[in-house]
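Read the structure below first, then the notes.
The values are calculated or read from the model by the stated rules, or taken from the named source; none is laboratory data. Predicted model, so just to flag it, every value in this text is computed and none were measured. Glycine gets a Cβ as well: all are built from the backbone with ideal geometry, and neighbour counts include every protein chain shown.
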């Protein structure tokens, strides 16, 4: 190991966020499959001629090496390669909206270097694959989000009217979760493999109802509005 590093580690993750600063520098929030959510700095990667610039884009799946400089307490990017990018998602505003929704929700609730809930990383990757190539892609994003809410202990007991009513009162929201939405959530929470929902259908009314429900949960638990919902038209 170099005398300039205190530690060096492998990286395999999804880029959740990117911030540019200085002259061609950037910091990234990356969801690593093993280490959870990390903030990683990459100096010079945002310059126009940098090879890394086209790799380090939000939603890209990347792998490489990160290190912690001896004189600092942050991760810095040493090597990076592109594993997968989702070009079809970025060509369609609706698909893009669902992609950003999923990334934003995960980022809001995960602490840095927190142990990831079971299957979260794999569910996100599979959801992106479906967003990139399938026509009925919404259910995969909802599956991932509601399983994530359940694992984080923030999903209200929707089958109990009194508990749900109390939850909505605390959120100060007038909202009715439809029977179809309840059935969908209950059904998908009983399925442990996201690939098994391929044949499941979901109507537009349920989709809109679930988006509203996710918004309410986020506002109640994090006191913020979901920015990516502005992309839904």
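Quick notes on this structure:
- Filter result for the condition that a residue is in contact with a strand residue (DSSP E or B) (Cβ under 7 Å, 6 or more places away or on another chain) and over 16 Å from residue 17 (Cα atoms), over 51, 47, 84, 91: 84
- Taken together, the criteria exclude residue 103 from residues that are in contact with a strand residue (DSSP E or B) (Cβ under 7 Å, 6 or more places away or on another chain), farther than 15 Å from residue 124 by Cα, buried (at least 18 other Cβ atoms within 10 Å of the Cβ) and touching a residue at least 12 places away in the same chain (Cβ under 8 Å).
- Entirely in segment 81-159, the helices (runs of 4 or more DSSP H) that have 1 or more residues that are within 20 Å of residue 177 (Cβ to Cβ): 93-109, 138-152
- Taken as a whole, the structure leaves residue 37 outside the set of residues that are in a strand (DSSP E or B), outside the structural domain of residue 111 (by TED's automatic domain parsing) and over 30 Å from residue 130 (Cβ atoms).
- Where residue 78 falls short, out of the listed (1) in a loop (DSSP other than H, G, I, E, B); (2) modelled with pLDDT of 90 or more; (3) over 21 Å from the mean Cα position of the chain (by Cα): (1)
- The requirement of being assigned by TED's automatic domain parsing to the domain that holds residue 107, over 23 Å from the mean Cα position of the chain (by Cα) and either surrounded by 11 or more Cβ atoms within 10 Å (Cβ to Cβ) or at pLDDT 95 or above (or both) is satisfied by residue 164.
- Test: residue in segment 37-53 that is within 15 Å of residue 144 (Cβ to Cβ) and modelled with pLDDT of 90 or more: no
- Residues in segment 61-92 that are touching a helix residue (DSSP H, G or I) at 6+ places or on another chain (Cβ under 8 Å) and within 13 Å of residue 42 (Cα to Cα): 77, 80.
- The single condition among (1) surrounded by fewer than 12 Cβ atoms within 10 Å (Cβ to Cβ); (2) more than 26 Å from residue 60 (Cα to Cα); (3) at pLDDT below 95 that residue 190 does not meet is (3).
- Residue 31 vs. criteria in contact with a strand residue (DSSP E or B) (Cβ under 6 Å, 6 or more places away or on another chain) and in the same structural domain as residue 193 (by TED's automatic domain parsing): no
- Meets criteria (touching a residue at least 60 places away in the same chain (Cβ under 8 Å), surrounded by fewer than 17 Cβ atoms within 10 Å (Cβ to Cβ) and not in a loop (DSSP other than H, G, I, E, B)) for residue 229: yes
- When each of 182, 220 is tested for being assigned by TED's automatic domain parsing to the domain that holds residue 94, in contact with a helix residue (DSSP H, G or I) (Cβ under 6 Å, 6 or more places away or on another chain) and surrounded by fewer than 19 Cβ atoms within 10 Å (Cβ to Cβ), the lone residue that passes is 220.
Conditions (1) surrounded by 14 or more Cβ atoms within 10 Å (Cβ to Cβ); (2) under 23 Å from residue 113 (Cβ atoms); (3) touching a residue at least 60 places away in the same chain (Cβ under 8 Å), marked per residue:
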| position | (1), (2), (3) |
| --- | --- |
| 45 | yes, yes, no |
| 61 | yes, yes, yes |
| 64 | yes, yes, no |
| 68 | yes, yes, yes |
| 82 | yes, no, no |
